[in-house]
Structure formats: C-alpha cells, structure tokens
Amino acid sequence: MPGELCHLGEDRVATETLIACRNVWKIFGARPEQHLAALSDTGGTGMPGHVVAVRDVTLDIARGEMLVVMGLSGSGKSTLVRCLSRLIEVTAGTINIGGADLGAMSETQLIALRRQKMGMVFQSFGLLPNRSVLDNVAFPLEMRGQDRATRHARAREMLDLVSLQGREDYFPRELSGGQQQRVGIARSLAVEPEIWFLDEPFSALDPLIRREMQDEFLRLKGLLGKTIVFITHDFDEALRLADRIAIMKDGAIEQCDTPDRIVMHPATEYVAKFTSAIDRARVIRAGSLAEPGLANSLEGGAVCGQHTIRSLARQLVNDTRDIIPVTNPDGVLLGGMNRQAALDVLLGEGA
C-alpha cells in the first residue's frame, strides 16, 4: 500500500540500506504543495491542472541490490528514478543516499555525487554523434578533468568489459543498436558508479538483441556488484533480472518484493493481473517452498534452493520422497520441500 515500507525479504534483513525513500511525492502543476495539502484533507480531490506522478513512496534499496521498478506507461516509474537521482525535485518526502539527505545537498554537492557515485543509462542512447566510441565512453571522465591518457585507458577497459574491443575508433552511426547500447553502458560504468540507474535501456532494441543485452547485463551485474535501479514495463525482463520488483500504478507502489513472492502472493488485483500469464514454475524457486524443520537431514540427496521448479522438473517427477531436502548454494540445509506442492506449481493445482 502507498506509504508502507517495501518488504526487503527475510534474506535481506541484515543488509545495509544504501537508498532510503520516505513518503516521497512528485506532483506536476502550478502549485504542487497546495495540491498535496488538498489531497490530504478528508475526501480531498486536490486542485485542477495538477498530476500526481509519484504518490507517497516509501522504499529501501539495499547495497548491492538489483531493484526493478515496473509498470505501464504513466505509472510513475521513470519519474521515480529521476527523483532518486534528483534530476527533478520532489514535492514532499525525503531521499537519503548513504545516510546523506539528497534534498539538502547544494548544487556543487549534487554534481559531485552524480559524477563520483552515479551512473545513468536512458532509453535513448544519448551518444555524441561527432565523437568516436572511445571518446563517448571517456566523456564523463573528461568532465571530471582527467587527462587524455588516463581517461582513454579507463574507456578501453570499459569497452573490453562490454565486448566492444576493436570498435574504439568507430562512430555511433557505424554501430548496431545493441552495440550503441553497450557504448552507453560502458560510458555509465567509466566513472565507477556505486549506484546505477537504468531507465528502459533495452526497450528500443529488437527482441533477439534485447535478450543478448539482458545476458550481458546479468554478466556485468554478477561481475561488478553495483546497486542497480532498473526501469522496465516488461514483466518477463523484470523476472529475469531482479532481486526484487516494485510494481507501480498511478504513482504508487502496489507491491515490492522478490519475484517468487510476487508470483505466489500478489498483494493486489492489479499485481495479480501482471502475474496471471506467467509460468509460475519458471519463477518460483525451491527455496521459496522449503519449510524449516520439514527435513532434518540431507539423506537421499538435496536440491539447491536457487533452482527454479521448472529446472527441477525431471527430478520432481522421478523422486518418490514426499519431502525433499533443500539447501542454500553453500550446501547448508534450509528445510524440506513438499514434493506434491512443487508438482502443483509445475503441473497446476490438483495434478
């Protein structure tokens, strides 16, 4: 519900919060504060000529987490990410980054934060057409005042990271759409950001290139360990990439949770519509079905809690045990998974 703290998940309780939003509103119009005050009145409908783009969002983002924010066009997801980077000012509420109040920062402090800790990739690639690939990637370092040799060395490292070595002297017009997107990603990584904001970075790409870019992004995510806020309207993309998903509607977050929990326990009818056509076995993992104490030993073999029910299909069909032990990736016993419950996910209830 709007204004409630988004669930971090049991495995994230002790994780450090890097970005903290509290009751954030963004209202467009001539007198946004007065409009908000009118909305707060009992039965208040606000003032004509105003649009609520972000509505009472309270959210914690953990260090190293990949949060995917999704929703239909006009849901407020892009506005929210612009509030998080203070590309636009919030109407009410607070945003803290690493314990510092984003809204209280001076222009100089804000510029330093963006240059030193934030990377941004938007839907339009935003490459400079008259600069080479190498100079495009090095551009933010040039803005920092780094010398040519240092910034070019860093830019080459980033181009190697996104598999564009040998394209340094090309111009953007000489690259494919997927290659241009890789240049944009390399440029955003050149400043070694602590936080990475990506606003529908793959939406303009063809499906095959988009899948390849998702694969590349998952590789970079595992390699770099950044804190990432990724905006998309594609639920399949969100399920593939996210540690948690925040689903927005009319500026508010309807539900914020792990992909497993959103699919298994949608909080609202709106969220349920998003999940209705999803193959639940492709999303739900064995760890989500494991119950502590249901299995007390690894006798007979165990499954890893990170594996999806779909990937365990053959074993579930052939295994004759009622309870199957489940472990974490280190082999530590988490509990037991009821085989019939897993088969119900795989084949449908009552199978």
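How much net charge surrounds residue 115 when only other residues with a Cβ under 15 Å from its Cβ are counted (Lys, Arg +1; Asp, Glu -1)?
In short, +3.
Once you place label points 7 Å from the Cα toward the Cβ at residue 265 and residue 318, how far apart are they in nm?
The modelled label-to-label distance comes out at 3.4 nm.
Using helices alone, I'd like the mean residue ellipticity at 222 nm for the chain: each DSSP H run of four-plus residues gives -39500 (n - 2.57), total over residue count, nearest 500.
-10500 deg cm²/dmol
Hey, rough spin-label estimate for residue 341 and residue 212, points 7 angstrom out along Cα→Cβ, what's it come to in nanometres?
Result for the modelled spin labels: 4.2 nm.
Note down the magnitude of the dipole of the stretch 281-347 about its Cα centre, charges +1 on Lys and Arg C-beta and -1 on Asp and Glu C-beta and zero elsewhere, to the nearest 20 debye.
Charge dipole of the stretch 281-347: 280 debye, to the nearest 20.
Can you list residues from other chains, or at least 5 along the same chain, whose modelled amide H is less than 5 Å from the amide H of residue 121?
For residue 121, the qualifying residues are 197, 198, 199.
Just subtract the alpha-carbon distance of residue 297 and residue 107 from 0.36 nm times their residue separation and send over the number in nm, one decimal.
Between residue 297 and residue 107, full extension yields 62.6 nm more.
How large is ³J(HN,Hα), in whole Hz, for each residue of the stretch 227-237 in order, when computed from phi with the Karplus curve 6.51 cos²θ - 1.76 cosθ + 1.60 and θ = phi - 60°, using x for Gly and Pro?
Here the 3J(HN,Hα) series is 8, 10, 10, 10, 9, 8, 10, 9, 5, 4, 5 Hz.
Specify which residue in the list 268, 284, 347 is farthest towards the positive end of the charge dipole of the stretch 227-347, using unit charges on the beta carbon of Lys, Arg (+1) and Asp, Glu (-1), about the Cα centre.
Of the candidates, 347 comes out farthest on the positive side.
Kindly write out, for the stretch 164-175 in residue order, the coupling ³J(HN,Hα) from the Karplus curve 6.51 cos²θ - 1.76 cosθ + 1.60 (θ = phi - 60°), rounded to whole Hz, with x marking Gly and Pro.
Listing the rounded values in order: 10, 4, x, 9, 4, 9, 6, 9, x, 5, 8, 10 Hz.
With only Lys, Arg, Asp and Glu charged, each at its Cβ (+1 for the first two, -1 for the last two), find how big the charge dipole of the chain is about the Cα centre; round to the nearest 20 debye.
So the dipole magnitude of the chain works out to roughly 780 debye.
Lys/Arg Cβ at +1, Asp/Glu Cβ at -1, dipole of the chain taken about the Cα centre: which of 149, 159, 246 is farthest positive-ward?
Positive-end residue among those listed: 149.
Would you mind telling me which residue in 325, 201, 129 has the biggest mean-square fluctuation in a Gaussian network model of the chain, where springs connect alpha carbons within a distance under 10 angstrom?
129
Determine, for the chain, the count of lysine pairs separated by eight or more sequence positions (or lying on different chains) whose alpha-carbon distance falls under 17 Å.
Close lysine pairs under the 17 Å cut-off: 6.
For the peptides 207-220, 72-85, what is the packing order when you average, over each peptide's residues, the other Cβ atoms within 10 Å and list the highest mean first?
72-85, 207-220
Can you work out the base-10 log of I(q)/I(0) for the chain at q = 0.07, 0.13 1/Å, using the Debye formula on its C-alpha atoms alone?
-0.36, -1.08
Semi-axes of the stretch 281-347's equivalent ellipsoid from the Cα gyration tensor, sqrt of 5 times each eigenvalue, largest first, rounded to whole Å?
Over the Cα atoms of the stretch 281-347, the ellipsoid semi-axes are 16, 13, 10 Å.
Would you be so kind as to identify which of 62, 336, 324 lies farthest towards the positive end of the dipole of the chain, taking Lys and Arg as +1 and Asp and Glu as -1 on Cβ and the Cα centre as origin?
Checked the options; the winner is 62.
Whose amide H sits under 5 Å from the amide H of residue 92, counting only residues 5 or more places off or on another chain, with H placed in the peptide plane?
Sorted by chain and number, the residues that satisfy this are 25.
Going 7 Å from the Cα of residue 115 toward and past its Cβ, which residues in the stretch 68-102 have a backbone nitrogen under 12 Å from where you end up?
The answer is none, because no backbone nitrogen lies closer than 12 Å to the label point.
All of the numbers you see were taken from the coordinates with simple rules; none came from a lab. Computed from a predicted structure; not experimentally measured. Neighbour counts are summed over all protein chains in view; Cβ atoms, including those assigned to glycine, are modelled from backbone coordinates with ideal geometry.
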